[in-house]
Structures are given as structure tokens and as C-alpha cells.
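K.L.:
Can you keep this structure in mind? I'll have questions shortly.
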Amino acid sequence: MDRYKKSDILLALATVFLLFWALGERGLWTSEGRWAEVTREMLITRDFFHPTINGAPYFDKPLLTYWIIALISPLTRGLNEWTIRIPSAISGLLAIWATVSIGRRLWSDRVGKTAGWILLSTYGFLFWARTGTADMENLAAITLALAWYWSRRDRPKFSTFLVFYLIAFVGSLTKGLTALVVPILVVLPDVFTGGRWKKVLRPSHLLAVVLAGSIYLIPFVYASITRGGYQENGLAMVFHENIQRYIHPFDHRGPFYCYLYYIPILFLPWTPLFLAACTGTVRKWKKLDSNTRWLIEAFLIVFLFFSVSGSRRSYYILPILPLCALWTAVFLEKDIAIRHWGIRIQVGVLTALVLLEVMSPLIWPVLEKCTGFVPPNGLRIATLLSGLAVPGSLVISLWRTDRVSAILGTNRPVAPLVASMLVIMGILFCWQTETLGTYRTERPFALELKHKFAGTCPENVAFFHKVSTNVIFYLDFPRPVRLLPDQDAVRRFIEDRSVTRVLISRRRYLPKLASVLPASMLERPDLTEDIYPWEKTSKKLVAWDLEKAY
């Protein structure tokens, strides 16, 4: 019992460390700006039911994630990168707990712990748990709903149904209806086993759905009846972003087979063992217990659900990662033959990675010559130390395998691998990734722009063609800036010479500005976002002080 408690505490502490360490050090990255700016404008307007970006309606995502960020902001002394990413990190913590709970209940405590450690040291999980979007909230809600189902499966009461649907519907208020649809689809194979469906078809079940669904609808209904001049309807956007995008996608059209390579990438560095588990399933399908059969069926359902959709992106399939971790953990426990050669392949991959890291001082100059990429000193040091630390942790783990296995609560043969992977992923996300943040140039550009034009009214700052949400978040204006959709709007903006005017554009739009701005201005902007040799220039920002130019 003491070991069980210690391993639980260790897993919790390791999860907190890997998810929260240096969480707010990096500048906002792509879509994070949407969550940041929507929340910032909610706090300015005190309107938490009509999301906007630069004053324009933006109901593409439900409201709950924005509310959570807003509630956290007083605790973090303002709205910043740390605040925006905390909900994802907390969701990651809950997802680990739910995964361990499922493994412990369906198989054993050791399976649950092994699955938890594997999930925690998975690239896709760590990346999105440290990113300020709603994708990890979606994963956590689905995994929590499944954990609740299995904890109460044999007690089909009103409270059981209600909590299940509350988890699913509340999760749907973060990203979309997948948090509702996926758990229902995944539990259906078990519901239809042994006549269990008869206990589910009860009035109390219907009442729970209606009650939880009503709670889901409240924010949308309130937003609709109080919208005034607001131009978007939240429920219409739910249909547009979930159902219409699923059936008739208008963007994100990945190939139908894309998840066949997205899942192995997201599940790195454990992909070899997962593929070994898949092989073991084919070999021993008839001998699998009912719980393991359900797990494989659940995996296939999630895979097919997202593959059938016409809109596909790597992060859509994130909810499958806990199932991959559980599947791998189960086969590490049960299929001895598969486990042996799977671990050998995994050790081979680990060895190759360590060799690359140890040889990195020789590789960096070659990489720099071929691509122009110059690694920061922190990355050089971290990469080399990772290559040196992993063999050390592996040797210690092999020397005291029983002790390490007891501390981690995992299967004995996999304990050294878990310890080594934690070292690699810990250094990657808590050190190496953070040093690369020095090459994120949008935040320095925005802060320099804010300093250079301090005191300028937001109405006198304009973006050509498209607004950068990250930049307007860092500018932190109390009112929206102007958006100039075409060259005629730029001409009118230039002709207003009574005030200081600032024009901002992506480099990709400079050819369109050639007809309204002198060539000398296009070639020499007053402020430019840094460009490194290995980067594409089209997305980089430039700005002009039009008062000085005219």
C-alpha cells in the first residue's frame, strides 16, 4: 500500500512538473492568439457571452475555455501566456488521472500506472497540454467520461447517467460536440454486450440527457437573446463548425489516410511498442479478455470516426492517445513474446536518439551549413546533456530495475524505458523547446511596435487584409484597431493626415500594396519582424509610420 501511494504521488508530481514548468516563457503560437484575444476583449467589455476578435464577432468555439482563462487571470496577476496555457495543463493532469483510473479498474494498478507514465511522456500529449487552445480540454473531457462510465457501469442510476452527460456536455463547451459524440460511440460496444443496453433504456437516462443538454444550451440561449447588434449565433456556429465541417468540410481537408501517420507521430517516442501491441492483437485476438477487446474496439471507433470526417487535422485525433497508452500497457503486461521484441526495437530507437544527441556538437555545424539554422547555446547544451543523461538513467534503472519498477508502479521490463523517456521528454519540453522560444519573433515585434507608437489611438493603427490576433493581444489596446481589406481602404487611410497613422501588413501582401505605397517604403519599412535564414518570409510582419512618410 505504501508503494502504491508513493507511485501515485510520484506520477502526480512528475505530471505537474512536466506540464507546468516554464509554461509561460514562450510567446503566443499561432492559434493561441485567438483564445488570448477573445478573453482579453471579454475582460475589457465585461461581456462574456458574445466573443469577439478585434471587435468582430467570433463564435467559432464555445465559451467555457475563455471563461476559465478569465477566472484564472486574477490569480496570475493579469492575462499572459501563463494564464492562457494553464487550462490545457490542468486538463492534461486530469487526463492522466482518468487514464490511470481506467487501466486500474479494467486490468490492474500496474497497467494503469504504466499507461499513465507512457501517456505523460508522449510527444503529442505534452505538446498540446502545454499549448493554450481547447484541444487538451476536449481530450480530458472524453477520457474523464470514459473513466466515469467504467467506474459506474454496474450502477445504471440517474446520477450515473447525469454525471456522464455533464462531463460530455461541459467538455463540448470547450471545443465542440466531439466531447459528447466520441464517449457515447466508444461505450456502445460494451453497452450492447450481455444485454446491458436494457438497463440503459430507462426514463432516468432520458431525463439525464435532457438536463445535461439544457445546461449545455444555457450559454448559447442567453447569448442569443441578449446579443443586440451581435452578428453571430452560437448554435448556428456549432452546426457550422461541427456538423457541416464534418460532412462538407470547408477547410482542413487532409487525406483520408492521414491518421495512419499522424497517430505514430503523436505517440512518439512510444510508437515501436504501440506497433508491437497492434501486432500482438492480430496474433491473439481470440484469446483476448472482454475488456481488452473493448479497448481495441474503442480505438477503432475513434480512428474511424475522425477518418470518416472530411475535415482532418493531426490534433483532431488527440483523444485516441489515452487509448494507445492503455493498449500498449496491457500488452506489456500480457504478451511476453511481443513485449520482448517490442522492447528491443524501442531500445534500438532510444539508442539511435542518444547517439544523435551525443554527436550533436558535430551535427550542428553541418545543419547550419545546409539550412542556415543556428541553434541557441541553450539548445546545444540541453541536447548534449540529454544524450549524456539518458544512458546514465538507463544504467541506474537496469541496475536497480526492481526498485525503479516499484517506485514507478510499472511492469518490471519497461521501467528502465519509462525512466529514460521521462528524461528525454522532460529535457525536450522543459529546456530545449523553451530555448527555441528565442526564435519566436512575433512577440518582440508586437512589443517593439507598442513601445514605438505608445500613445497612438487604436483607430489610427491599421492592418492590411488580415489582423494578427497575437499582435493585437500584445498591443493591448482598449478598442479595436482598423482593418483595411483592400487598396482603396489603404488609400483613404493614407489620405487622413491629421493623426499619427501606423500601417501593418504581412510580407505576403506587399505586392498588393505596391499600387498605393512608394517602392522606397515597401523596401524599407519602419519596423520589421526578424527573419532567420531557415524561415519563410511570407508570414513575417512589417509596419510603417505613415505620418513620417507623408
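Rule-based calculations on the coordinates, nothing more; no lab input. Since the model is a prediction, treat every value here as computed from it, not as a measurement. In this analysis, Cβ positions are derived from the backbone assuming ideal geometry, glycine residues included, and neighbour counts consider all displayed protein chains.
K.L.:
Taking square-rooted eigenvalues a ≥ b ≥ c of the alpha carbon gyration tensor, is the chain rounded, prolate or oblate, where a/c under 1.5 means rounded and, failing that, a/b exceeding b/c means prolate?
P.N.:
oblate
K.L.:
In addition: Taking every DSSP beta bridge with both residues inside the chain, roughly what % is antiparallel (nearest 5)?
P.N.:
Antiparallel: roughly 60 percent of the beta bridges in the chain.
K.L.:
What 222 nm value per residue comes from the helices of the chain, counting each DSSP H run with n ≥ 4 as -39,500 (n - 2.57) and dividing by all residues, nearest 500 deg cm²/dmol?
P.N.:
-19500 deg cm²/dmol
K.L.:
How high is the relative contact order of the chain, given as a whole-number percent (alpha carbon pairs under 8 Å, six or more residues apart)?
P.N.:
16 percent
K.L.:
Let's test this: bin the Cα-Cα distances of segment 215-262 at 10 Å from zero up to the farthest pair and state each bin's percent.
P.N.:
22, 35, 24, 15, 4
K.L.:
Full-extension gain between SER204 and VAL366, please, as 0.36 nm times their residue separation minus the C-alpha to C-alpha distance.
P.N.:
51.7 nm
K.L.:
If you don't mind, another one. Is the shape of segment 26-331 rounded, prolate or oblate, going by the alpha carbon gyration tensor and its root eigenvalues a ≥ b ≥ c, with a/c under 1.5 for rounded and a/b larger than b/c for prolate?
P.N.:
It is prolate, given that a/c is not under 1.5 and a/b is the larger ratio.
K.L.:
Given the convex hull over the Cα atoms of segment 103-239, what projected area results after averaging over all orientations, in nm²?
P.N.:
10.2 nm²
K.L.:
With just the Cα atoms of segment 1-120, tell me how far they stretch along each of the three principal axes, in Å, largest first.
P.N.:
Computed over the Cα atoms, the extents are 55, 28, 24 Å.
K.L.:
Please give the contour-minus-distance gain from ASP476 to SER520: 0.36 nm per residue of separation, less the Cα-Cα distance, rounded to one decimal in nm.
P.N.:
12.8 nm
K.L.:
Grab the Cα-Cα distance for TRP534 and ASP47, subtract it from 0.36 nm times how many residues apart they are, and report the gain in nm with one decimal.
P.N.:
Difference between extended and current length: 171.1 nm.
K.L.:
Next up: Using every alpha carbon pair in segment 442-549, what percent of pairs falls into each 10 Å bin from 0 up to the bin containing the largest distance?
P.N.:
Computed distribution, short to long bins: 14, 53, 31, 3, 0.
K.L.:
When only alpha-carbon atoms are used, what values of Rg and Dmax, in angstrom, describe segment 336-435?
P.N.:
Rg then Dmax for segment 336-435, in Å: 15.5, 47.
K.L.:
Still on this structure, please answer the following. Considering lysine pairs in segment 442-549 that are 8 or more places apart or on different chains, how many have Cα atoms under 24 Å apart?
P.N.:
Total qualifying Lys-Lys pairs in segment 442-549 comes to 18.
K.L.:
Could you tell me which residue out of VAL186, ALA22, ALA489 lies farthest along the dipole of the chain toward its positive end? Charges go on the beta carbon: Lys and Arg +1, Asp and Glu -1, centred on the Cα centre.
P.N.:
VAL186
K.L.:
Any idea what diffusion coefficient segment 412-460 gets from Stokes-Einstein, in µm²/s, Kirkwood Rh on alpha carbon pairs, 4 °C, 1.567 mPa s?
P.N.:
D = 90 µm²/s.
K.L.:
What size of dipole, in debye to the nearest 20, comes out for the chain about its Cα centre when the only charges are +1 on Lys and Arg C-beta atoms and -1 on Asp and Glu C-beta atoms?
P.N.:
Computed about the Cα centre, the dipole is about 1600 debye.
K.L.:
Which whole-angstrom value gives the distance between the alpha carbon centres of segment 203-225 and segment 43-103?
P.N.:
Centre-to-centre distance over Cα atoms comes out at 21 Å.
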